[in-house]
Amino acid sequence: MSSASLPVFQSMLGNLDHFLVKAAAHAAAKKFDPANLLAARLAPDMLPFTRQVLIACDASKLGVARLSGVEAPKFEDTETTIEQLRERIAKTLAYFDRVPADKLDGTEDKDITFPVGRDGTTRTMKGEAYLKHWVFPNFFFHVTTAYALLRHNGVELGKTDYLLGSKA
């Protein structure tokens, strides 16, 4: 479970950080406020770019915390700049460095109960199913949405950036 989760989260969060570096460079080159990118949405009822980054970090750290039993740090969700978002990613990655592999390994059959929605409803899944069918899809949804928002707004990102931006 450790080798199936931590390297994936670390690589993709590294790629997300890479997207942010390219977004900042794009805004500087085009001489516009990068806050325009942070507020970007594809539809009026969707969460903006900033929330996509925050949720990607939270989905991965909370998934690891629930599986491992190693308490995840709490973040205030007050990030308003590209640099602050990069710091959020760095703090999430630092948390992963503190999670021993043996706390994740062997959790395939562990019951994981987690909130779904905002009404207090919970769901319980076995650890392996939780990682594969809840945590990963949620995490990749938000990383991919962040990528798409930047692409849509002219940041020069390609498939290589999505897959290999962290040089993993």
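Can you list the residues, at least 5 places off or on another chain, whose amide H is less than 5 Å from the amide H of Val70, using H built in the peptide plane?
Close amide H contacts, sequence-distant or interchain: none at all.
Trypsin sites (Lys or Arg not before Pro) within the stretch 11-94: which are DSSP loop residues with at most 16 other Cβ atoms inside 10 Å?
Those satisfying the criteria are Lys31, Arg41, Lys74.
Tell me, what ³J(HN,Hα) does each residue in the stretch 18-32 have, in order and in whole Hz, if you take phi through Karplus 6.51 cos²θ - 1.76 cosθ + 1.60 with θ = phi - 60° and put x for Gly and Pro?
Using θ = phi - 60°, the values come out as 4, 4, 5, 4, 5, 5, 5, 5, 5, 4, 5, 5, 8, 6, 10 Hz.
Rounded to whole Å, give me the distance from the Cα center of the stretch 102-118 to that of the stretch 119-137.
Going from one Cα centre to the other spans 7 Å.
Sequence-distant or interchain residues sharing an amide H contact under 5 Å with Lys110, placed H: which?
Gly127, Glu128
Can you run phi through the Karplus equation (6.51, -1.76, 1.60; θ = phi - 60°) for the stretch 151-157 and list ³J(HN,Hα) in whole Hz, with x for Gly and Pro?
Per-residue couplings from phi come out as 4, 4, 9, x, 5, 7, 10 Hz.
Count the lysine pairs in the chain whose Cα atoms sit under 21 Å apart, keeping only pairs 8 or more residues apart in sequence or on different chains.
Lysine pairs satisfying the spacing and distance rule in the chain number 20.
Quick one, which of [x] 10, 42, 40, 8, 0; [y] 10, 39, 34, 15, 3, 0; [z] 9, 36, 38, 15, 1 is the actual P(r) over Cα pairs in 10 Å bins from 0, in percent calculated for this model?
Given [x] 10, 42, 40, 8, 0; [y] 10, 39, 34, 15, 3, 0; [z] 9, 36, 38, 15, 1, the structure-derived one carries the label [y].
If you rank Ser2, Ser68 by fewest surrounding Cβ atoms within 10 Å, what's the result?
Ascending number of Cβ neighbours within 10 Å: Ser2, Ser68.
Which of His152, His18 has the fewest other C-beta atoms within 10 Å, and how do the rest follow up to the most?
Ordered from fewest to most neighbouring Cβ atoms within 10 Å, His152, His18 come out as His152, His18.
Please list, in chain and number order, the residues 5+ apart from Asp105 or on another chain whose amide H is under 5 Å from its amide H, with Hs placed from the backbone.
Placed amide hydrogens put Ser2 under 5 Å from Asp105.
Positive end of the charge dipole of the chain (Lys, Arg +1 and Asp, Glu -1 on Cβ, about the Cα centre): tell me which of Thr107, Pro137, Thr160 has its Cα farthest that way.
Towards the positive end, the residue furthest out is Thr160.
Read-outs: derived from the displayed coordinates by stated rules, not from any lab. Being a predicted model, the structure only gives us computed values, none of them experimental. Every residue, glycine as well, gets a Cβ built from its backbone with ideal geometry; the counts of neighbours run over all protein chains shown.
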